[in-house]
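Here's the structure, in structure tokens; my notes come after.
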Amino acid sequence: MSIVPEPSISRGEITLQPNYFSSSLYVDPLRKDISALIVAFSEHLGGSVRPFELFKKLWMEQGWSWLHLRVHDGRARQAFLRITERLFIERLTGSESPLTRVIALFSLYTFHATQPYSSAPPIYSLPNIAIPIDTYQDMLAIPAALSEARFQTLKPYAIHILSTMLDAKVFHVMPHSLLNAQNPSNLPREVVVVSQEASAVYEASSAHTASSQPSTAPPKKKGRPSRRDKVRKAKEALLSLERYVDRNHVALPEQPALLQIDADLVIPDAEAGYTAHTLFGQAPTGSLENYFTRKNDLLTTIQSDSPDGSQKAALQRANEAVLARLKQIDEMAAEKGLEVGGEGGEKTGLTRVERAVDEFRRETGAGASGGVLGLLEGAGLDSTIPPG
């Protein structure tokens, strides 16, 4: 049964939302803490010390006794209690070792029994423990799993705790765990991913902006941005892009190879020199050679492993799929009054891809062996071959 929202904290204080306890921010660290408790108990078990006394000592030393003070708001506390008990219950399954199952039983009993039932002001307490029926059966079988001599000291405590909890009727038995009857069905439900690279880039850019320009930006307005604000932001983005291009353009002694589609095509303007982005200043020779090597291996494998032509038919279908996708993109752009790939004339764009695919069909020209895979070798540049 869910409870209604309640303003149980004073105004201005921050309270944890219920979704926090089902997220990886809470679930993953708590699982590690449970594993640490199990490891510590297994390391100290032995000798004349009583098992449950040892457990209580470790429970107090590791700070588990303060866990109930983590949250007081009713809705958040309900999620906190359910998720925490569920993480203890998942260590009761038969796939865990007998010692792990006993520690999980001790923890579940202690956590549930130490809820502050009477306090001023009163806070929410969970009356029952929801447990799937298959895990419930595994829990009842814990005393039988402690048949080894090294576990004999644990057996009486496990029997006593089970009897106490069963007599108190604290268990609310749910359907089988494979039916995902619990909410959420899997933990953690929300996975928080922190991108370190993005954070570093953002911090570096923020530091550069703060050091180069004084902060004169007006305070952010509330509500949706107006049309004037959108136009202003678009102009600022364009100016920022122009500044970036100016900063990263360098003068080159000759025309960059990456900007030459034909080897004999050179812009006759030697006095003015050449300017280009720094990325074009040095051709990626290693990447280009690696691409050529892998592509040649692929084409050689296709020609050698398929004497019946089945592999070539697959390559033909791949060429047709690429061409169909480009046509679809061109149609979508035309509906919006845009043009895709028309800046380079016949050397770029959809027409050249059509020629390359047609060369592969006819087995003529630079695209005879691979179609669109031969664009770097000049496939589709022969204007005498009309596109199919």
Discussion item. Taking a ≥ b ≥ c as the square roots of the Cα gyration tensor eigenvalues, with a/c under 1.5 meaning rounded and otherwise prolate when a/b beats b/c, else oblate, which class fits the stretch 105-161?
Written reply: oblate
Worksheet entry | Solvent-accessible area per residue for the stretch 135-181 (1.4 angstrom probe, square angstrom) | 61 Å²
Worksheet item: Packing-wise, with mean Cβ within 10 Å as the measure, how do 26-33, 101-108 rank, highest first?
Response: 101-108, 26-33
Worksheet entry | Given Lys32/Lys56; Lys295/Lys336; Lys312/Lys336, the pairs whose alpha carbons are separated by over 27 Å | Lys295/Lys336; Lys312/Lys336
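The values are calculated or read from the model by the stated rules, or taken from the named source; none is laboratory data. Being a predicted model, the structure only gives us computed values, none of them experimental. So basically every Cβ, Gly included, is an ideal-geometry build from the backbone, and we count neighbours across all protein chains shown. Heavy atoms of the whole protein, side chains included, go into the accessibility calculation; ligands, DNA and RNA do not. Shrake-Rupley method; radii C 1.70, N 1.55, O 1.52, S 1.80 Å.
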